[in-house]
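No lab work stands behind these numbers, since they all come straight from the coordinates. Since we're looking at a predicted model, the values are computed, not measured. Here Cβ is always computed from backbone atoms with ideal geometry, including for glycine, and neighbour counts include all displayed protein chains.
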């Protein structure tokens, strides 16, 4: 477990998530989550994969169905940006973009 606290469960005004063994737990619940969200601090690669999948699933109806590769790449770039924003705000090293470009 790392010392990560975040806002992944919708509280907005206070940190409502914390890391348990590399996955986020809802601080407002007495139960561990069924949906295991990887921690962006200590499990960034899996966090990127998870958020990319979430983005792709939620945007599926909004995007051109014939451009699945482009759609998935945009979902992944957005996930990398999210994880890097979280890491930057906590003084952690950024994750490099999967296309070989430098982390921003």
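Annotations
- Cβ-based exposure ranking for 68, 34, 8, 73, in which fewest neighbours within 10 Å come first: 34, 68, 73, 8
- Over the stretch 2-60, relative contact order from alpha-carbon pairs under 8 Å, at least 6 apart, %: 22
- Estimated inter-spin distance, residue 77 and residue 57, nm [label 7 Å along Cα→Cβ]: 2.4
- Percentage of interatomic Cα-Cα distances in the stretch 1-45 larger than 11 Å: 59
- Kirkwood Rh, angstrom, the stretch 5-89 [1 / mean 1/r, Cα pairs]: 13.6
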